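Student: Supplied in structure tokens, the structure appears directly below.
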Ligand SMILES: [Zn+2]
């Protein structure tokens, strides 16, 4: 129905979204009938693009393409949980609501990330781009109070195993899929296309 | 470690008692290619009116305010769907509002209706929920559901909610289930039970006569979960009418007391932080001192193995109505069995068994209508409707279906509402030759849990016969 080449793109100019190119690909409705030819309904096809802001998380998604894993930390001395480090990245501390400091935890993630839980599934939803079966891993970092979800793209997951992040540094698409996980010591020459340590 | 203030932990105290006057359900099915949503909603509404010997027109004269639950505008492909249903029910110009809390939408809709009556805003409120999950192909449906996870951090990974959810099942399976074959069979037993009870329910579309081995041989969805461990995807509607005491007794001789509380937790399981276990009235701090020793890896709370939202909903609700021990004080429950394993997790969150020991509720036979180990009535039968596994999961309707089912037992009318040959025929379903009346004899009090996502929202509904209200509740 849609064609990638003339897909719309968006820029921000003067603080406003400036879309250009083609965004909507109308397609005709078609009838839905039963075996006897009686009309029951119609199909409503559509193809829509949203313009979505990453806001304060933009630095996280931008950093993935540069091979960096950015977390955040509450540095408010008056906060009851001051010093807490958040991964997934939280723009604000959930307790004191001051803006967290962005910190680089790439080195930490390469050294001591372990699998807290995992799940292997053949099922996917429409628009999935990950190879199946998908191996979800929940990654625990030393000193971080939360547990990041990701996908293990090589090897077999196991609770407690050490994993390391890999980053789509060649042609990042600026989604969470720019970050994937492999078992510790996985050979660098066997990473998916476009990904590096 | 995070903490909560005393103000946050305050037990709700309503200004007046609230009653469930009546409730009704449509037929539930995987698809209704020949029916619009309003037709299904009107079926549920009509059943509720007829249940108290009223016509829909007569019942409408009592209704003052309306709450509508449906989780996903995407599925129905209609924004402001509430306004369409409200109009088709002919309830303009009454105030109405839509409620959306994922899988807990039905429970949350009742929660809102309850507060409206308790506050005096309204003497009589409609809570009606539905879901239309059949109008997109299954993979697009999976994508829509995955949009209820975090769109930036989770959805792009597989567009499949099961994956985000089942990591918790894996953790529970390994830490508390210890990956034991016996635990796996206990999970399967829940599926056998709920599919079996679904056979006795003309509304249900998941009734099946199966064995533990059938469950264990069904296709793998996400290890250790197999197809028969998972809930149904359904279309259908359910509704309840809530009223103050005076109005309730004008509408019927037999209204039931109803109370609700709600809890919440992070949208992403990823954001869960450690805390102390909030204790229910039947628990002590000491009993969990060695949890990590008994179940290595189980020391983190709620970690990935407990649902804080369910714990908090029960924390408030039990104290609102004076429940000291759910197994002793209640006669039946309807739980949110999205998966067999999450059903077990919920037994612990709501104190039917202590953390780590949920499986015993099944293995003891307590969760059955008739305990297969002893032949005696089960101590606390669960999901006699068939639950989400054996009856339906038409998201916005589910929590209301559960309360309808619990209430029909307390009304002592379960057999009438499920055994009626004409209903089976109207729904195009064959009543099983071995149909069994699952009415819980002498049921006076019941509970329903409505649960969203990885545990973002949970409501706990307590229904009591007004002559058998527990002592120690908020009106004493
Ligand atoms: Zn803070």
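Taken together, the values in this text are just the output of simple stated rules run on the coordinates, not laboratory data. Quantities reported herein were computed from a predicted structural model and do not represent experimental measurements. Heads up, the Cβs are rebuilt from the backbone with ideal geometry, glycines too, and the neighbour counts pull from every protein chain shown.
Student: Please specify each residue of region A:154-173 satisfying the condition of being more than 8 Å from every other protein chain (Cβ to nearest Cβ), in contact (Cβ under 8 Å) with a residue 40 or more places away in the chain and touching a strand residue (DSSP E or B) at 6+ places or on another chain (Cβ under 9 Å).
Tutor: First, pick out the residues of region A:154-173 that are more than 8 Å from every other protein chain (Cβ to nearest Cβ): A:154-158, A:160-173.
With in contact (Cβ under 8 Å) with a residue 40 or more places away in the chain added as a condition, the list becomes A:157-158, A:160-165, A:167-169, A:172.
Within region A:154-173, A:157, A:158, A:160, A:161, A:162, A:163, A:164, A:165, A:167, A:168, A:169 meet the criteria.
Student: Within region B:144-164, does at least one residue satisfy the condition of being in contact with a helix residue (DSSP H, G or I) (Cβ under 6 Å, 6 or more places away or on another chain), within 14 Å of another protein chain (Cβ to nearest Cβ), surrounded by 17 or more Cβ atoms within 10 Å (Cβ to Cβ) and at positive phi?
Tutor: Let us first name the residues in region B:144-164 that are in contact with a helix residue (DSSP H, G or I) (Cβ under 6 Å, 6 or more places away or on another chain), namely B:144-146, B:149, B:153-156, B:159-161.
Those left that are additionally within 14 Å of another protein chain (Cβ to nearest Cβ): B:144-146, B:149, B:153-156, B:159-161.
Then keep just the ones that are surrounded by 17 or more Cβ atoms within 10 Å (Cβ to Cβ); that gives B:144-146, B:149, B:153-156, B:159-161.
Still in the running and at positive phi: B:159.
Yes, region B:144-164 contains at least one residue that is in contact with a helix residue (DSSP H, G or I) (Cβ under 6 Å, 6 or more places away or on another chain), within 14 Å of another protein chain (Cβ to nearest Cβ), surrounded by 17 or more Cβ atoms within 10 Å (Cβ to Cβ) and at positive phi.
The rows are residues; the columns are (1) touching a helix residue (DSSP H, G or I) at 6+ places or on another chain (Cβ under 6 Å); (2) under 30 Å from residue B:292 (Cα atoms).
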position: B:361; (1), (2): yes, yes
position: B:368; (1), (2): no, no
position: B:371; (1), (2): no, no
position: B:375; (1), (2): no, no
position: B:390; (1), (2): yes, no
position: B:407; (1), (2): no, no
position: B:414; (1), (2): yes, no
position: B:422; (1), (2): no, no
position: B:437; (1), (2): yes, no
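Student: Any residue in region B:89-115 that is without any contact (Cβ under 8 Å) to a residue 12 or more places away in the chain sitting within a Cβ distance under 9 Å of a residue that is part of a helix (DSSP H, G or I) and crowded, with 19+ Cβ neighbours inside 10 Å? List the pairs, counting only those 6 or more apart or interchain.
Tutor: Qualifying pairs under 9 Å: B:92/B:86.
Student: Taking the condition of being under 24 Å from the mean Cα position of the chain (by Cα) and within 15 Å of residue B:165 (Cβ to Cβ), how many residues in region B:206-225 meet it?
Tutor: Selection size over region B:206-225: 4.
Student: If you don't mind, another one. With the requirement that a residue be near the ligand (Cβ under 10 Å from one of its atoms), more than 13 Å from every other protein chain (Cβ to nearest Cβ) and either assigned to a loop (DSSP other than H, G, I, E, B) or over 21 Å from residue B:3 (Cα atoms) (or both), what does region A:59-79 give you? Steps first, please.
Tutor: Here is the first cut: in region A:59-79, the ones near the ligand (Cβ under 10 Å from one of its atoms) are A:73-79.
Within this subset, residues satisfying the condition of being more than 13 Å from every other protein chain (Cβ to nearest Cβ) are A:73, A:75-78.
Correct list: A:75, A:76, A:77, A:78.
Student: I need a count of the residues in region A:6-56 that are farther than 30 Å from residue B:152 by Cα and part of a loop (DSSP other than H, G, I, E, B). Before the answer, list the steps.
Tutor: Narrowing region A:6-56 to residues farther than 30 Å from residue B:152 by Cα: A:28-42.
Cutting the leftovers down to part of a loop (DSSP other than H, G, I, E, B) gives us A:28-30, A:34-38.
So the answer is 8.
Student: Give region A:80-110 a look and list any residue that's in a loop (DSSP other than H, G, I, E, B), more than 11 Å from chain B (Cβ to nearest Cβ), out of contact with any helix residue (DSSP H, G or I) (no Cβ under 6 Å at 6 or more places or on another chain) and more than 10 Å from the ligand (Cβ to nearest atom), or say none. Before the answer, list the steps.
Tutor: Here is the first cut: in region A:80-110, the residues in a loop (DSSP other than H, G, I, E, B) are A:80-84, A:87-91, A:93-98, A:100, A:105.
Retained after the next criterion (residues that are more than 11 Å from chain B (Cβ to nearest Cβ)): A:82-83, A:91, A:93, A:96-98, A:100, A:105.
Filter once more, keeping what is out of contact with any helix residue (DSSP H, G or I) (no Cβ under 6 Å at 6 or more places or on another chain): A:82-83, A:93, A:96-98, A:100, A:105.
Within region A:80-110, just A:105 meets the criteria.
Student: Oh, and also: Condition test on residue B:270, is it assigned to a helix (DSSP H, G or I) and either crowded, with 19+ Cβ neighbours inside 10 Å or out of contact with any helix residue (DSSP H, G or I) (no Cβ under 7 Å at 6 or more places or on another chain) (or both)? Step through it out loud before you land on a result.
Tutor: On the way: assigned to a helix (DSSP H, G or I): yes; either crowded, with 19+ Cβ neighbours inside 10 Å or out of contact with any helix residue (DSSP H, G or I) (no Cβ under 7 Å at 6 or more places or on another chain) (or both): yes.
In short, yes.
Okay, residues lined up against (1) surrounded by fewer than 24 Cβ atoms within 10 Å (Cβ to Cβ); (2) over 23 Å from the mean Cα position of the chain (by Cα); (3) part of a helix (DSSP H, G or I):
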{"position": "B:71", "(1), (2), (3)": "no, no, no"}
{"position": "B:82", "(1), (2), (3)": "yes, no, yes"}
{"position": "B:87", "(1), (2), (3)": "yes, yes, yes"}
{"position": "B:91", "(1), (2), (3)": "yes, yes, no"}
{"position": "B:106", "(1), (2), (3)": "no, no, yes"}
{"position": "B:110", "(1), (2), (3)": "no, no, yes"}
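Student: Of (1) farther than 28 Å from residue A:170 by Cα; (2) away from the ligand (no atom under 16 Å from the Cβ); (3) touching a strand residue (DSSP E or B) at 6+ places or on another chain (Cβ under 6 Å), residue A:37 satisfies all except one. Which?
Tutor: (3)
Student: Based on what the data block shows, is residue A:65 surrounded by 12 or more Cβ atoms within 10 Å (Cβ to Cβ), touching a helix residue (DSSP H, G or I) at 6+ places or on another chain (Cβ under 6 Å) and closer than 30 Å to residue A:24 by Cα?
Tutor: Working: surrounded by 12 or more Cβ atoms within 10 Å (Cβ to Cβ): yes; touching a helix residue (DSSP H, G or I) at 6+ places or on another chain (Cβ under 6 Å): yes; closer than 30 Å to residue A:24 by Cα: yes.
Against the criterion (surrounded by 12 or more Cβ atoms within 10 Å (Cβ to Cβ), touching a helix residue (DSSP H, G or I) at 6+ places or on another chain (Cβ under 6 Å) and closer than 30 Å to residue A:24 by Cα), residue A:65 qualifies.
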